[in-house]
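A quick write-up on the structure given underneath.
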Amino acid sequence: MTDEPLLSIENLSVALPKGGDRQFAVENVSLAVRRNEIVCLVGESGSGKSITAHAVLRLLPPGLDVAAGAIRFKDTDLARADEGTMRALRGGPISMIFQEPLSALNPLTRVGQQIAEAIITHAGAKLSGSEVDARVIELIAAVGLPDPPALARSYPFQLSGGQRQRIMIAIAMANEPALLLADEPTTALDVTTQKQILALVRRLQAERGMGVLFITHDFGVVADIADRVVVMRNGCVVEQGAVDEVLRAPKNDYTKALIAAVPGGRPASMRGHALGTDPLLVARGLNKVFTSRQGVFRPVRRVPAVQDVALTLRPRETVAVVGESGSGKSTLARMIMRLIEPDTGAIDFDGVDFLKLKGVQLRAMRRKVQIVFQDPFAALDPRQKVGEAIARGPMTYGTPPVDAIAEAKRLLARVGLKESAYERYPHEFSGGQRQRICIARAIALKPLVLVADEAVSALDVSVQQHILELLAELREEMSLAMLFITHDLRVASEIADRIVVMRRGEIVEQGETQSVFGAPQHAYTRELLEAIPGRSLFGRPHEPSANLRFA
Amino acid sequence: MSVVAITRYGGRLSAYVLGAASGAVKIIGVILVIATFNFILVHAAPGDPAQVIAGQSGAADETLLRQIRSAYGLDQPYLVQLASSLKKTLTLDLGYSYRQQRTVLSLLLERLPATLLLTGTAFILSLVFGTALGTIAGTRAGKWSDTFFTIVSLLLYALPVFWLGLMLVLLFSVQLNWLPPFGYVTVGVEMTTWQRIADIAWHMVLPTLSLAAVYLAIYARLMRSSIIEVKQQDFIKTARAKGVTESRIVMHHLLRNAILPVITVAGMQAGGVVGGAVVVETVFAWPGLGRLIYDAVLQRDYPVMQGIFLIMSIVVIGLNLLTEAVYRMVDPRISVRSVT
C-alpha cells in the first residue's frame, strides 16, 4: 500500500435543486482511496454515500451538480474535467458496479456483447474481433462463471442475480481499472451469494492492486471487506479510520448507534417470554405447484414452490421462516392466509378447518390473519388518507364508522405516530413511519395471526430495530402469533422463538432459535449461518463469543 | 448452466415453428368465427334472407330468389346452412354480388392491392417518423424541441382525418396545384411502367399523409414516454459508466428497449389503420376496399359486406401476427423463454 492516494475527494459539495429540505446532498466531504485498499463508505439511506460515488464518475442524477471541492484522480480534477476526458475515464481507469443486477444489464443484448462493448469502447480498433471475443471469455472465467463460451451467448434474464452481478463485475474489469466504485453491489443478493461476490471483489482487488470505494449500509459487510471505513450521515462525513478502530472503538455517537443497531448481536430481549400452550394454527402437508402455459402447443411449465410443509403457531409465538429467494417462504405465508390456495394439505386455524371455508365463513375468518408487506411505499394506496386505510378494514366488518375512526386514531398513537396523521397521505411519511401505518392497518382488525413478510427488510438498521421492538410489544399486548418471513438471519435471531429454514420449497430444519443457531443440524443451515456478513466481528448470533463487541 | 443454455438456443428455432403453427390455428379459428358472424348477419337482417342476399332492391324477381334459395340452401335446416357456408368460406367461395353482377372474390381481389398499398405505406411511415420524433422529443424532454414536437403531435392527434384530408387537398391541390386531389392514377394517358409507378406514388401522397398523421402522433407520444422511462433505467447508467458515447447509448440501448411498447400498440392499431382507410379512401376517391365498404353499406349489398368483413379480419390478424414476430425478433425474452 503506497501512501500516494489514487483518488482524493477534497471538500466536495453536491448541491440539491432549490426548494429541497436541505441545500446539499453531500457537504464538505473529504476522503481518499489508495492503491490496493478497500474503503467502505457506509451510512443509512439519504446519507449521500451513493451520490458521492456517482460524483466521482460525474454520473449524478439530473438536477444535481458538483457545487464545490475537488475530486483528484491521478493528475485530473474530475469535478472540472470535460465530458470527453470523463468518457475516457469511465469504464477505463475508473469503473463502477451497481446495486440492482436485475436491471443493470440491457435485457435485449447477450451478456458477451455487453462485456465486449466495454472493451471496444476503450480499445477501439486496436483489437481484432477474435481478440475481443477471447478477452470476453477470459473475463467471464475470471469472475468465476462456468462454461464462459455458453455464458457469453446468454441473455441477462437467463442468469441468476448472482451471475448477473458477476457479469457486471466482468464489465467493470474489462479495461483493468485502477479504481473500482461499487455501489451496494451485494444488497440485492441472497446471503450465500453475497458472500461469494464479496470474496470475488476481494480477490480481484488483491490480484490487480486496485483501489475500491465500496458503498454499503451493512456494517457486517464492512467488517468482512473493508480496510478503512468512512461513515456518512445527512451528507457529511462523521467519522473515518481503519476498520478495526471504527468498528471496535467508534468515537462518534452516530457510528456507535449504527453499530449497536446491527441486528443479531443484541441480547435477545424480544424472546424468552411465555407462550400459549395450545396451538393456534396447525398446517400439514401443504403443497403448491405453479403452472403456466404460454401457447396452445407449448408444454406446461410446472414450478414446485412449496412441498409437503408442516407448521405450527401458538399464541404469542414468533416463528421466523428463513430462506433465500425462491425458497418458497412467501408462498407458504400466502397459503397460510389463503391468498394462494394450496394444491393439497390442511390448515387447522382457531379450531376450524380453514381450507374448507367458503363465502361468508371464509370472510369472517380472514380478519383473523393479517399481513405487513416488505415495501411500505407500495403497500399503501397513495390516494387514500392513512387514517382511512386503517379504519376501512373494521368498517367493512361492521364496526360503526365513528368507532372505527376513533380506534384508528388510537392505533396511530399506539404505533408511535400523532393522531393528526389520520388526515394525511402516505407520501408525507418516511419509510419507517409508513411501515408503522401498515402495522396499524393490520392490527386494526384484531387478528390472531400477523404475517410479517420481509417487513423490516427495506428499512435502515436503526429504523429496523424500532419496528422490531414495536412488533414484539404488540405481540405481547394482543397475544398475537407472528409468522415472520425474512431472508436476514440476524433479524430472525432477534425476534423469533422458533426458526424454520426453507430451501427449494422444503423445510430443511426447524427448532428453537437457540438450538438452530447454536447447533445447526442441516448443512444448508450451517452454510446460511456462515454466510452472515461480519461474523468475524460480531460473532455468530447466540454464540457465547459474540460478546467481543465494543471493547 | 451451460447445457441448459445450449439447449435453450437449440430450442429457439422450434419456438418459431411453434409460433407459426399457433398463428395458423388462430387465423383459421378467427375465419370460422367471422364466417359464423356473417351467417348470423344475413339471417338477423330484417326480411327474407334471399331478399337480403339479392340486395334488398325490390328488383329481384321470384326466379332469382328461388335461385338464391337453392344456391345458399336456405330451405335446409340452420345447422346445415351454417356448415355449408363455413365450407364455402374456407374454399374462398365468398358468394355473388347481385348488385354488381360479379363474384365477391373478384371484387375484393381487384380492390385489395390499392388498400394494402395505402394502409401499408401509411402504417410504415407513421411508425418510422413517429418513433423518430418520439425519440428526439424523449431524449430532449423538457427542452423547446420536445415542447414543439409534443404540441405538433397533439395537434395531429386531435384533427379529424377527413378534415385534415380536405384541408390538404385545399392547400396542395386547389391553391398550390402541386398534387392531384383524388384518384389512384391519371386516367387516359399512355405510360411506361416507371411512369405509372411514379404517377401512383404522386397520387398517394395526400391520402397517405392524412391517414398517417394521426397514427404518427400516437406513436410519437408513446415513444416519447417510453424513451423517458427507459432513459432512467440502470442499464443506461451502466452503459454510461462504460464510457459509451451518448449517440451509441441512444441507438444501441435506448431505442431497442423503448420501441417494445410501440410495437405492441402498433399491432393493436393495425386494425384501426384499415378502418381509417374507409374515410380516407372516400375523401380521396381511392379505389380500395374502403370505398367498396362505403358503397356496399349504402346499397345494402350483404355478400360484399360479408366478404369485406372477412378479408379485413384476415388482414388485421395477419398484421397482428407480423407484429408478434417482430416483437419476437427484438425481444429475446419472448422466443427463448417460451421453450424453457
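In a GNM of chain B with a 10 Å cut-off on Cα contacts, which of B:Asp146, B:Asp301, B:Asp199 has the highest mean-square fluctuation?
B:Asp199
The stretch B:175-217 to the stretch A:337-371: how many Å between their Cα centroids?
Value for the Cα centre distance between the two parts: 69 Å.
Please work out the FRET efficiency for the pair A:Ser325 and B:Tyr294, using the Cβ-Cβ distance as r and a Förster radius of 51 Å; give the result to the nearest 0.05.
On the way: r = 59 Å, r/R0 = 1.16.
The computed FRET efficiency comes out at 0.30.
Using a 10 Å cut-off on Cβ to Cβ distances, tally the other chain neighbours for every residue of A:149-155 and report the average as a whole number. Walk me through the numbers before you get to the answer.
Values: counts 3, 8, 3, 1, 5, 8, 7.
Shielding by partners across A:149-155 averages 5.
On a 0 to 90 degree scale, rounded to 10, what angle separates helix A:431-443 from the longest Cα axis of chain A?
In chain A, helix A:431-443 runs at an angle near 20 degrees to the longest axis.
Restricting to Cα pairs below 8 Å that are 6+ residues apart, what does the relative contact order work out to for the stretch A:337-421? Please round to a whole percent.
Numbers: 42 pairs, mean separation 13.9, N = 85.
16 percent.
State to the nearest 20 debye the size of the charge dipole of the stretch A:83-238 about its Cα centre, where the only charges are +1 on K and R beta carbons and -1 on D and E beta carbons.
100 debye
Where a Cα-Cα gap under 25 Å defines reach, which lysines qualify for A:Lys251, not counting those fewer than 8 residues away within the same chain?
Within the straight-line cut-off, A:Lys251 pairs with A:Lys49.
Can you tell me the 0 to 90 degree angle between the C-alpha axis of helix A:461-478 and the longest principal axis of chain A, rounded to 10?
The two axes meet at around 10 degrees.
Could you give the angle, 0 to 90 degrees to the nearest 10, between helix A:191-208's Cα long axis and the longest principal axis of the Cα atoms of chain A?
With rounding to tens, the tilt is 10 degrees.
Give A:Lys385/A:Lys409; A:Lys368/A:Lys418; A:Lys368/A:Lys446; A:Lys288/A:Lys329; B:Lys143/B:Lys231 a once-over and call out the pairs whose C-alpha atoms are over 18 Å from each other.
A:Lys368/A:Lys418
Mind listing which GluC sites (Glu not before Pro) in the stretch B:244-340 are in a DSSP loop and have 12 or fewer other Cβ atoms within 10 Å?
none
Between the stretch B:17-45 and the stretch A:120-156, how far is it from one alpha carbon centroid to the other, in angstrom?
About 49 Å separates the Cα centre of the stretch B:17-45 from the one of the stretch A:120-156.
Could you work out the relative contact order of chain A? I mean the mean sequence separation of Cα pairs under 8 Å and 6+ apart, divided by the number of residues, in percent.
15 percent
If neighbour count is taken as other Cβ atoms inside 10 Å, put B:Phe284, B:Phe172 in order from fewest to most.
With the fewest neighbours first, B:Phe284, B:Phe172 line up as B:Phe172, B:Phe284.
Would you work out if the stretch B:271-340 is rounded, prolate or oblate? Take a ≥ b ≥ c from the square roots of the eigenvalues of the alpha-carbon gyration tensor; rounded if a/c is under 1.5, else prolate when a/b is larger than b/c, oblate otherwise.
Prolate is the answer for the stretch B:271-340, as a/c is 1.5 or above and a/b outweighs b/c.
Name the shape class, rounded, prolate or oblate, that the alpha-carbon gyration tensor gives for chain B, where a ≥ b ≥ c are the square roots of its eigenvalues, rounded holds for a/c under 1.5, and otherwise prolate holds if a/b is larger than b/c and oblate otherwise.
oblate
Based on the Cβ-Cβ distance from A:Asp350 to A:Arg203, what FRET efficiency comes out when R0 is 51 Å, to the nearest 0.05?
Details: r = 53 Å, r/R0 = 1.05.
Step by step, r from the Cβ atoms, then E = 0.45.
Counting partner chain Cβ atoms within 10 Å of every residue's Cβ in A:443-450, what's the average?
On the way: counts 0, 0, 0, 0, 0, 0, 0, 0.
Rounded to a whole number, the mean comes out at 0.
Reachable lysines from A:Lys74, Cα under 20 Å, same-chain residues fewer than 8 places away excluded?
Here the lysines satisfying the reach criterion relative to A:Lys74 are B:Lys242.
Once you have a ≥ b ≥ c as the square roots of the Cα gyration tensor eigenvalues for the stretch A:302-390, tell me rounded if a/c is under 1.5, and otherwise prolate or oblate according to whether a/b is larger than b/c.
Note, shape of the stretch A:302-390 comes out oblate.
Gap in Å between the Cα centre of the stretch A:476-519 and the Cα centre of the stretch A:160-227?
29 Å
At what distance in nm do the modelled label points of A:Asn36 and A:Asn287 sit from each other, each positioned 7 Å from its Cα along Cα→Cβ?
6.0 nm
Partner chain Cβ atoms within 10 Å, averaged over the residues of B:21-30 - can you pull that number for me?
Partner Cβ neighbours, averaged per residue: 1.
Run the quick spin-label model on B:Ile200 and A:Ile137: label points 7 Å from Cα toward the beta carbon, then report their separation in nm to one decimal.
5.2 nm
Quick one: if the Förster radius is 60 Å, what FRET efficiency do B:Arg102 and A:Arg301 give, using the C-beta to C-beta distance and rounding to 0.05?
Plugging the Cβ-Cβ distance into 1/(1 + (r/R0)^6) gives 0.70.
Just want the ordering: A:Ile94, B:Ile200, from fewest to most Cβ atoms lying within 10 Å of their own Cβ. List each step's numbers first, then the result.
Details: A:Ile94 26, B:Ile200 16.
In increasing order of surrounding Cβ atoms, one gets B:Ile200, A:Ile94.
In the stretch A:400-478, which trypsin sites (Lys or Arg not before Pro) fall in coil by DSSP and have 10 or fewer other Cβ atoms within 10 Å?
A:Lys418
For a quick check: sort A:Asp244, B:Asp234 by the number of other beta carbons within 10 angstrom, fewest at the front.
Placing the least packed residue first, the sequence is A:Asp244, B:Asp234.
Relative contact order of the stretch B:107-339: what whole-number percent is it, with Cα pairs under 8 angstrom and at least 6 residues apart?
29 percent
Let's test this: bin the Cα-Cα distances of the protein assembly as shown at 20 Å from zero up to the farthest pair and state each bin's percent.
Answer for the protein assembly as shown: a P(r) of 12, 33, 33, 18, 5, 0 percent.
Could you pull out which residues in the stretch A:116-149 have an amide N less than 20 Å from a spot 7 Å beyond the Cα of A:Thr192, following the Cα-Cβ vector?
A:144-147, by backbone N distance to the label point.
Run the helix sum for the protein assembly as shown: -39,500 (n - 2.57) per DSSP H stretch of 4+ residues, divided by residue count, reported at 222 nm to the nearest 500 deg cm²/dmol. It would help to have the intermediate numbers written out before the result.
Details: 33 runs with 451 residues, N = 891.
It lands at -16000 deg cm²/dmol.
Each reported figure results from applying straightforward, stated rules to the coordinates on display, with no laboratory input. These numbers come from a predicted model, not from an experiment. Please note: Cβ atoms are built from the backbone with ideal geometry, for glycine as well, and neighbour counts cover all protein chains shown.
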